[in-house]
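See below for the structure under consideration.
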Amino acid sequence: MNRSANAALAKVRAMYGQMLTRTQYDDLIRRQSVQEISAYLREKTSYAAALSGVQDSAIHRGQLENLLHKDLFHQYIRLVRFLGPHHHMGFYVVMDMEINLILTCMRDLISGHPGTMVAEIPAFMSAYASFDLFALAQVRDFSQLLETVANTPYGTVLRQCAQADVRDGRVDYTAVEVALRTYYYTTLLGYCAKLHGESRRQVQELISLRAETSNLNTIFRLKTTFQAPPERIRKMLLPVRCRIGEKQLDRLVEARDAQTFMKMLCSISPYKRALSPEMNYIESGTEAIRCGLIRHKLHFSTDPQVVFLAFILLRQIEAENIIRVIEGVRYQLPPERIGSLLCH
């Protein structure tokens, strides 16, 4: 391995070493308010710089979440610049954020509150986005959304959805979400095809497992909350497979209820190590599977691209963990309950 690759690995692993520890998570879930969470992150963790100058007494949930996403994005940009153009998936985080913003815009339109997302626009990524983020915040109907993203691949996806499924003049949100997520994973896996050997296999595994666990979470949620029939569930799944084959997935979709689904899933390796049939919240288990794979790559891979992707995936999970803590404290959940929702 050459000197630049060694330097890249050392840089990423040094940043990995600054992530939250179990002890810090235990302290965090015992905070009593968003303001206390903000103060703890600034005073006791590596988020000190990200929260520098923040007035804890005035900060609210949305502001803190935006600062967390901003810190993640800036870490990503720093790594991209350090690793150089040939050692990163340069579009990964930007595309993730862009799709989430488009979906947020659509939810606001459907709820009858267009423009609500203006306070959530991440100005810090405007220079990297493929469309005008501030124009997105001004969208008042689906045609304006189409116009805003017209010159991007998202425009093509949305137009196809509009042509395929329009109900009462509105485009089906679920169809758009599945189509955008499918484009996202197809694009990432297309990038994988340009890699070679072990590098390709490891990057593909990291990406595919994220899609697979998302599918499992979707199946569980639809069976638990909506008692959805198999044909409806299939329309909401991503066409990406990892540890679970097509026939196994089909049997899971056909399971008569959530309990049967969980019993079947718990017989499949590696999910049986992290799940139990009695679980009421599947995401903590599926995320634990992902975390295990990600940490393994961070510790043992010698490929800068693999380690870079693993670190960014883990940082996304950390940001999601903190947001879950914020939500848990907001709804006055006991610390033990909040802790059970986190993935370490």
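The values are calculated or read from the model by the stated rules, or taken from the named source; none is laboratory data. Just so it is clear, the model here is predicted, and its values are computed rather than measured. Reconstructed Cβ throughout: ideal geometry from the backbone, glycine too, with neighbour counts over all protein chains shown.
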- [ ] Kindly establish whether Thr116 is free of Cβ contacts under 8 Å to residues at least 12 places away in the same chain and touching a helix residue (DSSP H, G or I) at 6+ places or on another chain (Cβ under 6 Å).
- [x] yes
TODO: Among residues belonging to segment 122-168 that are among the polar types (S, T, N, Q) and farther than 12 Å from Cys105 by Cβ, point out the one that is modelled with the lowest pLDDT.
DONE: Gln163
- [ ] Inspect all residues belonging to segment 302-318 and state whether any of them is part of a loop (DSSP other than H, G, I, E, B) and over 17 Å from the mean Cα position of the chain (by Cα).
- [x] yes
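Rundown of residues vs (1) at pLDDT 95 or above; (2) surrounded by fewer than 16 Cβ atoms within 10 Å (Cβ to Cβ), yes/no style:
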site	(1), (2)
Ile219	yes, no
Arg232	yes, yes
Met236	yes, no
Cys242	yes, no
Gln248	yes, yes
Leu252	yes, no
Ala258	yes, no
Cys266	yes, no
Ser284	no, no
Open item on the list: On the basis of being outside any helix (DSSP H, G or I), in contact with a helix residue (DSSP H, G or I) (Cβ under 8 Å, 6 or more places away or on another chain), of a type in the set (Val, Ile, Thr) and not assigned by TED's automatic domain parsing to the domain that holds Arg295, does Ile59 make the cut?
Closed with: yes
TODO: Find all pairs meeting these conditions: Cβ atoms under 8 angstrom apart; at least six residues apart or on different chains; first residue within segment 219-241 and under 12 Å from Gln259 (Cα atoms); second residue modelled with pLDDT of 95 or more and surrounded by fewer than 16 Cβ atoms within 10 Å (Cβ to Cβ).
DONE: Lys223/Asp257; Gln227/Asp257
Open item on the list: Exactly one of these conditions fails for Cys343: (1) within 30 Å of Arg3 (Cβ to Cβ); (2) part of a loop (DSSP other than H, G, I, E, B). Give me its number.
Closed with: (1)
- [ ] Among what's in segment 106-121 and is of a type in the set (A, V, I, L, M, F, W, C) and more than 15 Å from Asp172 (Cβ to Cβ), pick the residue that is modelled with the highest pLDDT.
- [x] Ile121
TODO: Starting from segment 262-282, take each residue that is over 16 Å from Ile219 (Cα atoms) and in the same structural domain as Thr224 (by TED's automatic domain parsing) and list its partners that are surrounded by 17 or more Cβ atoms within 10 Å (Cβ to Cβ) and among the acidic types (Asp, Glu), counting only C-beta distances under 9 angstrom and pairs at least six apart or across chains.
DONE: Ala274/Glu287
Open item on the list: I'd like to know if segment 154-177 contains one or more residues that are outside the structural domain of Ile59 (by TED's automatic domain parsing), on the phi < 0 side of the Ramachandran plot, out of contact with any helix residue (DSSP H, G or I) (no Cβ under 8 Å at 6 or more places or on another chain) and touching a residue at least 24 places away in the same chain (Cβ under 8 Å).
Closed with: yes
TODO: Starting from residues that are farther than 23 Å from Ala310 by Cα and free of Cβ contacts under 8 Å to residues at least 60 places away in the same chain, keep the ones in segment 7-35 and report whichever is surrounded by the most Cβ atoms within 10 Å (Cβ to Cβ).
DONE: Gln35
